[in-house]
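Here's the structure we're looking at; comments come further down.
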Amino acid sequence: MGSGRNVAVFGAYGHTGRFVVAELRERGYVPLLLGRDQDKLLALVQAQPGLEARQASVDDPASLDRALNGAAAVINCAGPFATTAGPLVEAALRAGIPYVDVAAEIEANVDTFAHFAERARAAGTVVVPAMAFYGGLGDLLVTTAMGDWTAADEAHIAYGLSSWHPTAGTLASGMVSGQRRGGRRIRYTGGQLEYHDDALPTLEWPFPAPLGPQSVIGEFTMADVVTIPSHLAVQEVRTYMAAKAAADLSAATSAPIAVDERGRSDQTFVVDVLVRSGGTERRVTATGQDIYAISAPLAVEAVDRVLTGRTRTTGVASAGAIFDAPDFLRALFPHLSLHVPLDTRG
């Protein structure tokens, strides 16, 4: 079992990994810099004096074991997660430490729940997949919106991104996901995942002010369709993406460009969540800056809560299942603004 405040970050030199490393340092943890590329690790150490780098590869279990030696937890920031998640979870189980990742790949997250639930529970440890903007944040918001409801008919998550400049990792992960499902699309309906070839609809979503109504792509399915149904009784989980951001992603525009001292881009986001049960609706909205940057406090807050015993279960669990969702979101207030209105009639 790891000791102290050492937290391993696999893919530490990647775009999201750098945000995670910075967030860990700000919160008094000592990041262990892990990755496959020795040159990139050395460059990161030069930029982050005093930190230790450990080269490791997912196809070399012994290297992963050495890299996790002395770590209290591991955060996996290296995609495609179809390749990295399984070996890193295996290594974390061997080390007896919690595992958190920022995977947005639907299939990789399905695999984590399917392959490791029983083993992680038997080991008494924690595996939290998709602890990031896609998957984790939506799950926390929907769980918060549900409140005292034990079930809901529908959960809608609309992403109002001002733009989307994808990283190389995002593009690579998207390509792997597309290949794994043979180019088909996916949705969560009738209480299960469904693959289809239907064209995606375009509609208008009533984002609250100041964003206002926006054109969105319907059934632009993200990791929320894995995390939310893993613990909430919701028959329909639907996600939407601002049409402008979807066009940016399709065009594979340039990577994010830093505009502030934290390295964040000028991208802003609104995540508007609506849950419906019968004729009653509940809505929660979160706003912030830079979808990659916000993944760092999400993942690090998760690790901190696991290491300090503020969890509700063991095994493989999504953010909303393992943490007190409203309390978790309140902890993100320096990075996130939240609006929780009263129930309304649909």
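Summing +1 for each Lys or Arg and -1 for each Asp or Glu among the other residues whose beta-carbon sits under 12 angstrom from that of residue 333 gives -1.
Overall, the chain carries a charge dipole of about 500 debye about its Cα centre when +1 sits on the Cβ of Lys and Arg and -1 on the Cβ of Asp and Glu, all other atoms neutral.
Calculated on the alpha-carbon coordinates, the convex hull of the range 264-346 measures out at 111 cubic angstrom per residue. In this simple spin-label model, placing a label point 7 Å from the Cα along the Cα-to-Cβ direction at both residue 340 and residue 149 gives a separation of 1.5 nm. Restriction of the GluC sites (Glu not before Pro) in the range 250-346 to DSSP coil positions whose beta-carbon has at most 16 other beta-carbons within 10 angstrom yields 261.
If a spin label sat at a point 7 angstrom from the Cα of residue 117 along the line to its beta carbon, no backbone N atom of the range 145-159 would be nearer than 11 Å. Measure nothing but the geometry: give the 0 to 90° angle between the long axis through the Cα atoms of 106-123 and the longest principal axis through the Cα atoms of the chain, rounded to 10°. Once rounded, the angle reads 60 degrees. Using alpha carbons only, how many degrees (0 to 90, rounded to 10) separate the axis of helix 38-47 from the longest principal axis of the chain? Result, in degrees: 90. Using only Cα atoms, locate the centre of the range 245-269 and the centre of the range 72-110, then give the distance between them in Å, rounded to an integer. Value for the Cα centre distance between the two parts: 25 Å. Residue separation of residue 69 and residue 260 scaled by 0.36 nm, minus their Cα-Cα distance, works out to 65.3 nm of gained length. Secondary structure note: in the chain, about 55% of the DSSP beta bridges are antiparallel.
Working note: 222 nm ellipticity from helices only, DSSP H runs with n ≥ 4, each -39,500 (n - 2.57), summed and divided by the residues of the chain, gives -10500 deg cm²/dmol to the nearest 500.
Under the convention that each Lys and Arg Cβ holds +1 and each Asp and Glu Cβ holds -1, the size of the dipole of the range 109-218 around its Cα centre is about 440 debye. Placing unit charges on the Cβ atoms only, positive for Lys and Arg and negative for Asp and Glu, gives the range 279-331 a dipole magnitude near 160 debye about its Cα centre.
Provide the FRET efficiency to the nearest 0.05 for the residue 60-residue 253 pair, computing r from the beta carbons and using R0 = 22 Å. Using R0 = 22 Å, I get an efficiency of 0.05.
Using +1 at the Cβ of each Lys and Arg and -1 at the Cβ of each Asp and Glu in the range 235-346, identify which of 293, 340, 303 lies farthest towards the dipole's positive end. Comparing the listed Cα positions along the dipole, 340 ranks first.
Averaging Cα coordinates gives a centre for the range 112-142 and one for the range 166-241; these two points are 19 Å apart. Compared with the dominant principal axis of the Cα atoms in the chain, helix 291-307 is inclined by about 60°. For the peptides 51-64, 264-277, the ranking by mean Cβ contacts within 10 Å, running from highest to lowest, is 264-277, 51-64. In terms of its C-alpha gyration tensor, the range 192-346 comes out rounded, because the ratio a/c of the largest to the smallest axis stays below 1.5. The fraction of all Cα pairs in the range 16-98 landing in successive 10 Å bins from 0 to the largest distance is 17, 55, 27, 1, given as whole percents.
Between the listed residues 53, 42, 24, the Cα displaced farthest toward the positive end of the dipole of the range 1-71, a dipole computed from Cβ unit charges relative to the Cα centre, is found at 24. Each Cα pair under 8 Å and six or more residues apart adds its sequence gap; the mean of these over the residue count of the chain is a relative contact order of 20 percent.
Laboratory data are not the source of any read-out in this text; all were calculated from the coordinates shown. Predicted model, so just to flag it, every value in this text is computed and none were measured. Reconstructed Cβ throughout: ideal geometry from the backbone, glycine too, with neighbour counts over all protein chains shown.
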